[in-house]
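I have placed the structure first, in the form of structure tokens, so that the comments after it can refer back to it.
The values are calculated or read from the model by the stated rules, or taken from the named source; none is laboratory data. Since we're looking at a predicted model, the values are computed, not measured. Glycine gets a Cβ as well: all are built from the backbone with ideal geometry, and neighbour counts include every protein chain shown.
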Amino acid sequence: MALSGETAFITSLRAIAAHPAARGLTDDCAVLEFGGEALVLTHDMLVEGVHFLPDQDPADVAWKLVATNISDLASKGAEPVGVLLGYVLGKDDARLLEGLSEALNAYNVPLLGGDTVGGSGPQAMGLTAIGRATHRPVPSRSGAKAGNALWITGAVGAAMIGLEALRAGTGDSSAYRRPQARLSEGIALAPQVTAMMDVSDGLLLDAMRMADASGITFAIDSTAVPIAAPEVRRNEALRWGDDYELLFTLPSGTAPAVPATRIGQALARQNGPLLLDGKRLEAGDSPGFLHR
């Protein structure tokens, strides 16, 4: 059987990932009940030319690898316990180790092990992050209910502008090079939210994923979304990934425990997962980043 693209592959994987901890592969993390606690497990990869530039500082790449995985833990309100590194040896391994150490110290998480291999072709690396749930039930993507308000912890589009600055060699590129996981915010929000995830592949695409997991429709007001880009690029900012803000739902009338912006609400399921300014996305209008 030939599979085309990330979505088709993950759909096929769901038949294999039958354990309850996998959450049907519809969430940011696996949640494993273990000895009276809940372990939260996630794994992300970075590939040269897809997630970072070929000539990018390896220390920044290592930082991003850690931050993206910690962001997944944040979306479950989890406290990091440790990480495992998978790494294909590259051209500046010492510099990568410097960035790895900086990131692990910043998030106060230990390196517990992993694997290294030699190879040729594009640089690639992966990280498995292990966390401990700080609240039960552990937040999921699937808990949003009709009537809930939809919130986001910060602006989108900063990574888009950061990548352009990095390519141009001028301006502030830090949002793309060294994203910040909203760890303390996720822990504070976990007791409140009905659903939560991080925004990694674009606000609209990730909102659609949450809506599909929850069986509802989100109505988003595009002008309410805070953006870190010129206003003329609002539509791009809504679709660009790598911002790692937390997207979450709360019962109507509930104020979030951290600074956040209300950008929409959950409705009973309609014809599709997302209404943007009252309209369904047009056919062919990409809502975010998908691996092909």
Is it true that some residue in the range 60-77 is modelled with pLDDT of 95 or more and part of a strand (DSSP E or B)?
no
Condition met for Gln192 (assigned to a loop (DSSP other than H, G, I, E, B) and under 18 Å from the mean Cα position of the chain (by Cα))
no
Name every residue in the range 229-259 that is acidic (Asp, Glu) and in contact with a Lys or Arg (Cβ under 9 Å, 6 or more places away or on another chain), in order of residue number.
Asp242, Glu245
Going through the range 245-259 one residue at a time, which ones are surrounded by 23 or more Cβ atoms within 10 Å (Cβ to Cβ) and in a loop (DSSP other than H, G, I, E, B)?
Glu245
When you scan the range 142-178, how many residues do you find that are surrounded by fewer than 23 Cβ atoms within 10 Å (Cβ to Cβ) and in a loop (DSSP other than H, G, I, E, B)?
13
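Based on what the data block shows, is Asp242 among the charged types (D, E, K, R), crowded, with 19+ Cβ neighbours inside 10 Å and part of a loop (DSSP other than H, G, I, E, B)? Reasoning before the result, please.
Details: among the charged types (D, E, K, R): yes; crowded, with 19+ Cβ neighbours inside 10 Å: yes; part of a loop (DSSP other than H, G, I, E, B): yes.
Judged against the criteria, Asp242 is a match.
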If you go through the range 82-96 one residue at a time, do you hit one that is assigned to a helix (DSSP H, G or I), over 19 Å from the mean Cα position of the chain (by Cα) and of a type in the set (A, V, I, L, M, F, W, C)?
yes
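Filter the range 179-189 down to residues that are in a helix (DSSP H, G or I) and hydrophobic (A, V, I, L, M, F, W, C) and give me whichever is nearest to the chain's Cα centre (by Cα). Show your work before the answer.
Here is the first cut: in the range 179-189, the residues in a helix (DSSP H, G or I) are 183-189.
If we keep only those that are hydrophobic (A, V, I, L, M, F, W, C) too, we end up with 183, 187-189.
On the way: Leu183: 12, Ile187: 15, Ala188: 18, Leu189: 16 Å.
So, considering only residues that are in a helix (DSSP H, G or I) and hydrophobic (A, V, I, L, M, F, W, C), the one nearest to the chain's Cα centre (by Cα) is Leu183.
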Only one of Arg262, Arg209 that is within 20 Å of the chain's Cα centre (by Cα), of a type in the set (Lys, Arg) and either part of a helix (DSSP H, G or I) or crowded, with 23+ Cβ neighbours inside 10 Å (or both):
Arg209
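Give the range 59-83 a look and list any residue that's among the charged types (D, E, K, R) and buried (at least 20 other Cβ atoms within 10 Å of the Cβ), or say none. Reasoning before the result, please.
Here is the first cut: in the range 59-83, the residues among the charged types (D, E, K, R) are 60, 64, 72, 76, 79.
Within the range 59-83, Asp60, Lys64, Asp72, Lys76 qualify.
How many of the residues in the range 25-36 are in a strand (DSSP E or B) and surrounded by fewer than 15 Cβ atoms within 10 Å (Cβ to Cβ)? First the steps, then the outcome.
Our first condition is that a residue be in a strand (DSSP E or B); within the range 25-36, this holds for 30-34.
Still in the list and also surrounded by fewer than 15 Cβ atoms within 10 Å (Cβ to Cβ): 33-34.
Qualifying residue count for the region: 2.
Rundown of residues vs (1) out of contact with any strand residue (DSSP E or B) (no Cβ under 9 Å at 6 or more places or on another chain); (2) surrounded by fewer than 16 Cβ atoms within 10 Å (Cβ to Cβ), yes/no style:
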residue	(1), (2)
Ala38	no, no
Met45	no, yes
Asp57	yes, no
Asp92	yes, yes
Leu100	no, no
Asn105	yes, yes
Leu112	no, yes
Asp115	no, yes
Between a first residue in the range 134-153 that is without any contact (Cβ under 8 Å) to a residue 60 or more places away in the chain and a second residue that is among the hydrophobic types (A, V, I, L, M, F, W, C), which pairs have beta carbons less than 7 Å apart while being 6 or more apart in sequence or on different chains?
Thr134/Ala78; Thr134/Ile187; Thr134/Ala190; His135/Ala190
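Against the definition (free of Cβ contacts under 8 Å to residues at least 40 places away in the same chain and closer than 23 Å to Leu183 by Cα), how does Asn108 come out, yes or no?
When the stated conditions are applied, Asn108 passes them.
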Would you be able to say whether some residue in the range 126-141 is modelled with pLDDT under 95 and either surrounded by fewer than 18 Cβ atoms within 10 Å (Cβ to Cβ) or assigned by TED's automatic domain parsing to the domain that holds His43 (or both)?
yes
Taking into account only those residues within the range 188-206 that are among the small types (Gly, Ala, Ser) and within 21 Å of Ala78 (Cα to Cα), which is surrounded by the fewest Cβ atoms within 10 Å (Cβ to Cβ)?
Ala188
